[in-house]
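Let me begin by presenting the structure, written as structure tokens, before commenting on it.
The values are calculated or read from the model by the stated rules, or taken from the named source; none is laboratory data. Just so it is clear, the structure is predicted and the values come from calculations on it, not from any experiment. Glycine gets a Cβ as well: all are built from the backbone with ideal geometry, and neighbour counts include every protein chain shown.
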Amino acid sequence: MRVTPTVELLKHTEDPERAIALAAKLCYSKSDLDDLRSDVDASDVGRFISMLYSLGHLSAFEHASFTFGIEGVSRALLAQITRHRIASFSVQSQRYVDIGAEFNYIMPPAIAELDEEQKSGGALQKEYDRQMKQMHEWYREWQSRLNPGEKGNEDARFVLPNAAETKMIVTMNARELLHFFELRCCNRAQWEIREVAWRMLELASRAAPAVFAKAGPSCISGVCSEGKMSCGKAAEVKARRNASQNGK
Ligand SMILES: Cc1cc2nc3c(=O)[nH]c(=O)nc-3n(C[C@H](O)[C@H](O)[C@H](O)COP(=O)(O)OP(=O)(O)OC[C@H]3O[C@@H](n4cnc5c(N)ncnc54)[C@H](O)[C@@H]3O)c2cc1C
């Protein structure tokens, strides 16, 4: 069955902005922890965080962590997201989990777009579904020939495509998320991880608006860092960011 991505913010550091402000104030203050706590309570945390961001004092941002649940994404996405090393991942196993009677997969939107363009009545999408069904059959065949259970699954999965669905739980701190959003919300990033990154940005921004106020690709708050490879669509990207900040 075709599936599409779901992203949830499962949990985050309690009062993430205050946690960051407290850590940063400690660096600049002679006060003890009790004084700092009341200082942070009294201060304008949002403005303070914005100042830290502009100063590049990003180590304080590491004190706030965010845990996302992600489903309906491909193993192709998994290969990309796990390249981010300052993060923790738990991923559904293809050894312990039998794909069973139903094989879930992701279809690139370009196939439906091509169907539309060619006015082919969905023929290309059907062709793709047929290919996925074939691979699932191969998987089942190998599973029954090899040992059923964990051993069978671990070898049968070799015939599965990059399109196979995976599910994961990902934790990143706010500093890593800022870096992740810069790379992966950019139009240069591959479509699937880009869509997931935008959804994560929306959720993180709701939980800690000051921390992620300027988050996103470099063109959001300055000049595009992609040089000749730039998509040239900075205005469109900024509009998307504004819309997502306003909850649209
Ligand atoms: C558009 C795009 C195309 C890509 N194409 C390819 C490709 O063709 N082939 C490919 O292999 N990868 C590709 N990548 C993946 C890319 O090379 C990185 O592996 C991935 O984006 C993780 O980013 P990172 O290493 O900056 O950050 P993270 O792993 O998220 O780490 C964050 C930061 O911590 C620091 N850091 C982490 N680990 C170390 C370390 N060991 N030593 C020093 N500093 C460290 C760095 O400053 C790093 O930027 C692509 C990424 C993008 C966005």
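Here are a few things to note about the model shown:
- Filtered residues of region 167-179 (kept if away from the ligand (no atom under 16 Å from the Cβ) and closer than 15 Å to LEU9 by Cβ): ILE169
- Residues of region 9-39 satisfying the condition of being of a type in the set (Gly, Ala, Ser) and either modelled with pLDDT under 85 or not in a helix (DSSP H, G or I) (or both): SER29, SER31, SER38
- Across region 189-232, the number of residues qualifying as surrounded by fewer than 19 Cβ atoms within 10 Å (Cβ to Cβ) and among the β-branched types (Val, Ile, Thr) comes to 1.
- For ASN187: the one exception among (1) within 24 Å of GLY56 (Cβ to Cβ); (2) part of a loop (DSSP other than H, G, I, E, B); (3) within 13 Å of the ligand (Cβ to nearest atom): (1)
- Candidates ALA156, ALA164 - the one that is among the aliphatic types (A, V, I, L, M), modelled with pLDDT of 95 or more and away from the ligand (no atom under 16 Å from the Cβ): ALA164
- Candidates SER43, SER90, SER29, SER59, filtered to the one that is closer than 27 Å to GLY222 by Cα and of a type in the set (Gly, Ala, Ser): SER59
- The residues of region 40-51 that are of a type in the set (Ser, Thr, Tyr) and in a loop (DSSP other than H, G, I, E, B) amount to a single one, SER43.
- Counted residues, region 73-131 - those being over 29 Å from LYS151 (Cβ atoms) and either touching an Asp or Glu at 6+ places or on another chain (Cβ under 6 Å) or among the small types (Gly, Ala, Ser) (or both): 10
- Region 196-248, residues that are assigned to a loop (DSSP other than H, G, I, E, B) and of a type in the set (D, E, K, R): LYS214, GLU226, LYS233, LYS248
- The listed residue being within 16 Å of the ligand (Cβ to nearest atom) and among the charged types (D, E, K, R), out of GLU182, GLU137, GLU202: GLU182
- Within region 76-116, considering residues that are under 15 Å from GLU195 (Cα atoms) and not small (Gly, Ala, Ser), the one farthest from the ligand (Cβ to nearest atom): MET107
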